[in-house]
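See structure below.
What follows is calculated from the coordinates using simple rules that are stated; it is not laboratory data. Predicted model only: the values in this text are computed from it and were never measured. Every residue, glycine as well, gets a Cβ built from its backbone with ideal geometry; the counts of neighbours run over all protein chains shown.
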Amino acid sequence: MFDASLPIIAAPMAGGTSTPAFVVAAARAGGFGLLAGGYLTPDALAAQIEAVRAETATFGVNLFVPNPVPIDEGTFRRYAARIQADAERFGLDVTAAPLVDDDDAWHGKVETLLAVPVPVVGFTFGLPDGDVIAAFRRAGTRTVQTVTSVDEARAAAEAGVDALAVQAPAAGGHSGTWTPARPPAPISAADLVERVRAAVALPLIAAGGIASAADVAAVRAAGAEAAMVGTALLRADESGASVTHRAALADPARTGTVVTRAFTGRPARALRNTFTGRHDAPLGYPAIHHLTAPMRRAAAAAGDPDYLHLWAGTGYRAATAEPLAAILTRLAGSL
Ligand SMILES: Cc1cc2nc3c(=O)[nH]c(=O)nc-3n(C[C@H](O)[C@H](O)[C@H](O)COP(=O)(O)O)c2cc1C
């Protein structure tokens, strides 16, 4: 299905990390990569697809499925007021910010991907309608659904997707949970794969906290066809992660990761920093994402890691600065 010789998939990482060069490097190394369509406009996504297609036919595209977590105006305003002191450091006033609940241009991106089909499309945050899954099937595109529980795995299998990305809570970035109000309980990737394997017959890709060849071997022994790694590649040469993010991952003074809603209103795993220590937002996605975005952009521009979403999985200390191919090959070990 993935036309890859290594059982390692470079995770889609939105926000500029999974660049075309990153996805091409994964394919050239014998693995597989997915562009991150989340947050991109349909035109920007189309341009990234063109850039990858000029180099390789082995790639996929990941999308955020609209599954909004509504927030009421009063709760939103109270959180805006709470973070104003932090925003003020960057000369910003967020107290009157509009409450934006958009769908991340979902329909436009689906149209783009159906107009010029790509080999693989992945979905996270929710399950698309059956007609969307069927349309991709007719277009010859294989679909991969991110799931975080056995229940989600069963529902995705019934909906007709071709494979599952089984994401454990050790994963960096947003949890793919369909129920952000009830985020998944702690479980290792191998144990979650074993449970999902017992419930569904689809090919499984294990994700979350996979940082060594031994971790890859463990999820394969549990029944996964492949391992998907994100955090292990954040410092790769081809990664689009910012200098500030890379430096924080390598900083011995950082004290681990935390699952937080502080930046986006949806649970996500990040390195602890001043902002995660000070706040935990109410549920409210994407409204809280839009509320904090200007502050995060300003922090990134200022190179300030303490007001940035430093997405990272629990295995972040194993993230190395070297060519992506070297990391994928090492993770594949003697497989
Ligand atoms: C910076 C970052 C951005 C991410 N963005 C996405 C995304 O756009 N879509 C998605 O399905 N998963 C996203 N994830 C989650 C990854 O796909 C994957 O599940 C996770 O990285 C695996 O765990 P690991 O980070 O411990 O390797 C992101 C993860 C990180 C670290």
Problem set entry | For segment 172-191 and segment 99-127, distance of Cα centres in Å | 22 Å
Exercise. Along its principal axes, what span do the Cα atoms of segment 1-69 show, with the longest given first and each in whole Å?
Worked result: 39, 24, 20
For this session: Of all alpha-carbon pairs in segment 205-272, indicate the percentage at a distance above 13 angstrom.
Result: 71 percent
Exercise. Once you wrap a convex hull around the alpha carbon atoms of segment 142-301, what is its projected area averaged over all directions, in nm²?
Worked result: 10.3 nm²
Exercise. Rounded to the nearest 500 deg cm²/dmol, what is the calculated helix-only ellipticity per residue at 222 nm for the chain, with -39500 (n - 2.57) per DSSP H run of length n ≥ 4?
Worked result: -11000 deg cm²/dmol
Problem set entry | Sorted by Cβ density within 10 Å, fewest first, the residues THR56, THR177, THR264 | THR56, THR177, THR264
Exercise. Between LEU114 and ASP131, what length in nm is gained on full extension when 0.36 nm per residue of separation is reduced by their alpha carbon distance?
Worked result: 4.9 nm
Problem set entry | Cβ-based net charge around PRO68, under 9 Å, with every Lys or Arg adding one and every Asp or Glu removing one | -3
